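First up is the structure itself, then whatever we jot down about it.
The values are calculated or read from the model by the stated rules, or taken from the named source; none is laboratory data. Predicted model, so just to flag it, every value in this text is computed and none were measured. All Cβ positions, glycine included, derive from the backbone under ideal geometry; neighbour counts span all protein chains shown.
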Amino acid sequence: MGKINFGRVLLGGLAAGVIMTIGEYLLNDFVLGSQMKDYFAAHKFPTPGGSFMMIAITATVVLGIAIVLLYAMIRPRFGPGPKAAIIAALTAWFLVFLYNN
């Protein structure tokens, strides 16, 4: 087993975080934007401000770094390729989204 190259983990995590942030922007603004505005208005929620946006972007980038680190940690056991990537992605999905609901 080799050592984890944390520089590459950080770079890959930042790239993953940027890609996830862009995906969330496209989903929340163009696909679900009108539904979210209606929901916020119906429940009298305030429109999220700039501080929320910075927290959400930071959390998404940290999540990207954590997913890449998880992949780097499980890669020696499952080998390089899609199997380790899918396991890392499903683990992150379970811990972040499914478990919270």
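Structure notes:
- Residues of the stretch 55-91 satisfying the condition of being touching a helix residue (DSSP H, G or I) at 6+ places or on another chain (Cβ under 6 Å), closer than 17 Å to L10 by Cβ and hydrophobic (A, V, I, L, M, F, W, C): I57, V61, I65, I67, V68, L69, L70, A72, A88
- Close pairs from the stretch 75-101: first closer than 16 Å to I4 by Cβ and modelled with pLDDT of 90 or more, partner among the basic types (K, R) and surrounded by 13 or more Cβ atoms within 10 Å (Cβ to Cβ), Cβ under 8 Å, at least 6 apart: A84/R75
- Annotation note: Cβ proximity below 8 Å between a residue of the stretch 41-60 that is among the aliphatic types (A, V, I, L, M) and a residue that is modelled with pLDDT of 90 or more (sequence gap 6+ or interchain) occurs for A56/E24; I57/T21.
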